[in-house]
Amino acid sequence: MRFKWSNFILFLGYLFLYFPLICIVIFSFNESRFVASWTRFSLKWYRELLSDPIILRATYTSLKVASLSATVSVILGTMAAIIITRFPRFSGKTIFVGAIAAPLVMPEVIMGLSLLMLFVGMEKIFGWPSENGTTTITIAHITLTLSYVTMLVQARLHDLDRTLEEAALDLGASPLKVFFVITLPMISPAIILGWLLAFALSLDDVVIASFVAGPGATTLPMIVFSSLRFGISPEINALATILMTVLSIGVIISAVLIYKKKI
């Protein structure tokens, strides 16, 4: 059996990416508070995590914001992708496409500052939002993730074979029925991937949320970032392990569903 350098380099790449995550999982079961030394196996930090109201509240806020922002981003992003793909020429298309793609290249610090100024101005003019909180974080994350969903769905629509749609239209189906019966199932893998990407981006964001969050709405990344100033807590390792497990299960389920659709 010949030694393949490509497989070895691939193994080193995966090791570089996933070895830190494996260390987090292992040390989440460490009884000692010090992450640099292993004492013995224990579920102590998982029990303390589940009894910490601050982390549980922040986790609930992050999951709620991520789910809502991902869902709205998928709806708006799919509509934007259809407009860009199916209507090649319309007034203001260049500005529309540029506005959609701007968050892809814009620094998050600039986005957070601009959204904060927007919300402050809206409060002075319209009286809404009355204070920064979950609503402002959700709007900010929709602004961030909308462009990613649009690009994914747009790429799928470009590769889509339109003969099935045209045949359905020739047979008398309405454009709305063609979309829900033919187009939507064919682009569903891109929509699922877009939702997962938007959910992960929202769950991971700390910069933009720090600008637009109020005192009553603290997300999980903000809690983790603030706790690092006092050292790495084993509770954070336990929390990271739970999140990685849940997200991995979600990715595996979505991959299986996408694979079954291709068969």
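The values are calculated or read from the model by the stated rules, or taken from the named source; none is laboratory data. What you see is a predicted model; the values in this text were computed from it and never measured. In this analysis, Cβ positions are derived from the backbone assuming ideal geometry, glycine residues included, and neighbour counts consider all displayed protein chains.
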**OP:** Could you look through the range 212-233, keep only residues that are surrounded by 17 or more Cβ atoms within 10 Å (Cβ to Cβ) and among the hydroxyl-bearing types (Ser, Thr, Tyr), and pick out the one that is farthest from residue 164 (Cα to Cα)?
**Re:** 233
Original post:
If you go through the range 107-116 one residue at a time, do you hit one that is under 23 Å from residue 218 (Cβ atoms), at pLDDT below 90, part of a helix (DSSP H, G or I) and in contact with a Ser or Thr (Cβ under 8 Å, 6 or more places away or on another chain)?
Top reply: no
Original post:
residue 158: surrounded by fewer than 16 Cβ atoms within 10 Å (Cβ to Cβ), in contact (Cβ under 8 Å) with a residue 60 or more places away in the chain and within 22 Å of residue 79 (Cβ to Cβ), yes or no?
Top reply: yes
**OP:** State yes or no: is residue 209 assigned to a helix (DSSP H, G or I), surrounded by 21 or more Cβ atoms within 10 Å (Cβ to Cβ) and without any contact (Cβ under 8 Å) to a residue 60 or more places away in the chain?
**Re:** no
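Out of the range 117-138, which residues are free of Cβ contacts under 8 Å to residues at least 40 places away in the same chain and either under 16 Å from the mean Cα position of the chain (by Cα) or assigned to a helix (DSSP H, G or I) (or both)? Walk me through it before giving the result.
Here is the first cut: in the range 117-138, the ones free of Cβ contacts under 8 Å to residues at least 40 places away in the same chain are 117-118, 120-130, 135.
Of everything in the range 117-138, those that are free of Cβ contacts under 8 Å to residues at least 40 places away in the same chain and either under 16 Å from the mean Cα position of the chain (by Cα) or assigned to a helix (DSSP H, G or I) (or both) turn out to be 117, 118, 120, 121, 122, 123, 124, 125, 126, 135.
Between 49, 63, which is buried (at least 16 other Cβ atoms within 10 Å of the Cβ), not assigned by TED's automatic domain parsing to the domain that holds residue 179 and not basic (Lys, Arg)? Lay out the reasoning, then the answer.
Working: 63 fails: not assigned by TED's automatic domain parsing to the domain that holds residue 179.
None of the others qualify; the one that does is 49.
Out of 249, 242, 191, which single residue is modelled with pLDDT of 90 or more and not small (Gly, Ala, Ser)?
On inspection, the qualifying residue turns out to be 191.
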Original post:
Residues in the range 70-77: is at least one surrounded by fewer than 10 Cβ atoms within 10 Å (Cβ to Cβ) and more than 23 Å from residue 215 (Cβ to Cβ)?
Top reply: no
Subject >> Matching residues in the range 188-206 - criterion: being assigned to a loop (DSSP other than H, G, I, E, B) and crowded, with 20+ Cβ neighbours inside 10 Å >> reply: 205
Original post:
Which of the residues that make up the range 33-80 are within 21 Å of residue 225 (Cβ to Cβ), hydrophobic (A, V, I, L, M, F, W, C) and part of a helix (DSSP H, G or I)?
Top reply: 45, 49, 54, 55, 56, 58, 63, 65, 66
Original post:
Scanning the range 153-169 for residues that are aliphatic (A, V, I, L, M) and under 27 Å from residue 196 (Cα atoms), which turns out farthest from the chain's Cα centre (by Cα)?
Top reply: 160
Original post:
Failed condition for residue 164, given (1) within 14 Å of residue 86 (Cβ to Cβ); (2) surrounded by fewer than 18 Cβ atoms within 10 Å (Cβ to Cβ), with all others met?
Top reply: (1)
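Restricting to the range 59-114, name every residue that is hydroxyl-bearing (Ser, Thr, Tyr) and touching a residue at least 60 places away in the same chain (Cβ under 8 Å).
First, the residues of the range 59-114 that are hydroxyl-bearing (Ser, Thr, Tyr): 59-62, 67, 69, 71, 73, 78, 85, 91, 94, 114.
Selection gives 59, 61, 62, 67, 69, 71, 73, 78, 85.
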